Amino acid sequence: MNENLFSSFITPTMMGLPIVILIIMFPTLLFPTPTRLINNRLVSAQQWLAQLILKQMMMMHSPKGRTWALMLISLIMFIGSTNLLGLLPHSFTPTTQLSMNLGMAIPLWAGAVITGFRYKTKASLAHFLPQGTPVPLIPMLVIIETISLFIQPMALAVRLTANITAGHLLMHLIGSAALALISISPTTALITFIILILLTILEFAVALIQAYVFTLLVSLYLHDNT
Amino acid sequence: MPQLDTSTWLVTIIAMILMLFILIQLKFHKYSYPLSPAPKTFKSTSFPTPWETKWTKIYSPLLLPQQ
């Protein structure tokens, strides 16, 4: 039972060749490069979407923070498209892999923090001690703030992994429950099927929301440090 | 839990780095948002010489000495 349930999260290799590389690179094919002044509908729609997201996200940043615009738009589009593609049946979702999410979270978080330390050292160090703390509490609070700083990339990675994995697992379980219940009691199977449909709608929302949350938090860490 | 099997981590991370930091950014940096086309105000950079600022009758082609 255990083996079967988690088998969709094993990194796909075909006869020893890691086809996970092809699966991760597949969303690039869904974003055609604009080559004309006036493009076709698909490219225009994607450009419009990118502009909408960029205006919303980059409004709160200083000019220094806005140099990260390309990085953040690529991040949100990559995570969003990968999550949505993972909702297709029998597909592999790369964002369920802790390795990939750690590989995304740690460099981005470290980049934001190191930028802050390099250009605004005093202000970055001041983040470790909130204003107005009573003097006896200072050592403990510095330790707590350090821990909360270092837990940020871990939380980013694990949040994305856990949310997407949990959603996929739930869909598997409820789907197989509905299938098993058809021969036992069709009404219960119908109810379970309706639950499955509602869950799928939720998963669509979760896919997009998780992309947004990841990018928003990176953007927040950036704002603190520029 | 298969996500904790570290033998595949290197491949996944390298593929993701390639994808996220290179491929997708190459796609998105081609997006351009030009301003709506509007006629540009034409300002001449060359100034007319003093004898060209006033049209004088002697330059009319029919009044030139006939050849």
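The values are calculated or read from the model by the stated rules, or taken from the named source; none is laboratory data. A quick note: this is a predicted structure, and the numbers were derived from the prediction, not measured. We place every Cβ from the backbone using ideal geometry, glycine too, and count neighbours over all the protein chains shown. The protein model used for the area step is the full one, side chains on, heavy atoms only, and it has no ligands, DNA or RNA in it. Shrake-Rupley method; radii C 1.70, N 1.55, O 1.52, S 1.80 Å.
Side notes on the structure shown:
- Estimated [θ] at 222 nm from DSSP helical runs (n ≥ 4, -39500 (n - 2.57)) normalised by residues in chain A, nearest 500: -24000 deg cm²/dmol
- Accessible area of the protein assembly as shown divided out per residue, in Å², using a probe of 1.4 angstrom: 64
- With the highest mean first, a sort of the peptides A:157-164, A:100-107 on other beta-carbon atoms found within 10 angstrom per residue produces A:100-107, A:157-164.
- Once the Cβ-Cβ distance of A:Ile106 and A:Phe26 is raised to the sixth power relative to R0 = 25 Å, the FRET efficiency obtained is 0.55.
- Virtual spin-label span in nm between A:Thr13 and A:Leu70, 7 Å along Cα→Cβ: 3.5
- Alpha-carbon Debye profile of chain B, log10 I(q)/I(0) at 0.18, 0.29 Å⁻¹: -0.92, -1.18
- The mean number of partner chain beta-carbon atoms within 10 angstrom of a residue's beta-carbon across peptide A:26-37 is 3.
- For segment A:80-91, 3J(HN,Hα) per residue [Karplus equation, 6.51 cos²θ - 1.76 cosθ + 1.60, θ = phi - 60°, Hz, x = Gly/Pro]: x, 5, 5, 5, 5, 5, x, 7, 5, x, 6, 8
- Take the convex hull of the alpha carbons in segment A:128-226; its mean projected area over all directions comes to 9.2 nm².
- Comparing the full protein assembly with the isolated chain (1.4 Å probe, heavy atoms, ligands and nucleic acids excluded), the residues of segment B:17-35 losing at least 40 square angstrom of accessible area are B:Met19, B:Leu20, B:Phe21, B:Ile24, B:Gln25, B:Lys27, B:Phe28, B:Lys30, B:Tyr31, B:Tyr33.
- Given their separation in residues at 0.36 nm each and the Cα-Cα distance between them, A:Leu220 and A:Arg36 gain 62.8 nm when the chain is fully extended.
- Sparse-neighbour loop sites [trypsin sites (Lys or Arg not before Pro); segment B:1-40; at most 15 other C-beta within 10 Å; DSSP]: B:Lys30, B:Lys40
- Degrees, to the nearest 10: A:41-58 long Cα axis against longest axis of chain A: 40
- Flagged links, alpha-carbon separation over 23 Å, of A:Lys64/B:Lys40; A:Lys55/B:Lys27; A:Lys55/B:Lys40; A:Lys64/A:Lys120; A:Lys64/B:Lys30: A:Lys64/B:Lys40; A:Lys55/B:Lys40
- Over chain A, relative contact order from alpha-carbon pairs under 8 Å, at least 6 apart, %: 29
- Per atom type, chain B shows carbon and sulfur on 69% of its accessible surface, probed at 1.4 Å.
- Chain lengthening between B:Tyr33 and B:Phe21 when straightened (0.36 nm per residue, less Cα-Cα): 2.1 nm
- Start at zero, step by 10 Å, and the Cα-Cα distances of chain A spread as 7, 25, 28, 22, 13, 5, 1 percent across the bins.
- Taking the 1.4 Å solvent-accessible surface of chain A as the whole, the part contributed by carbon and sulfur is 74%.
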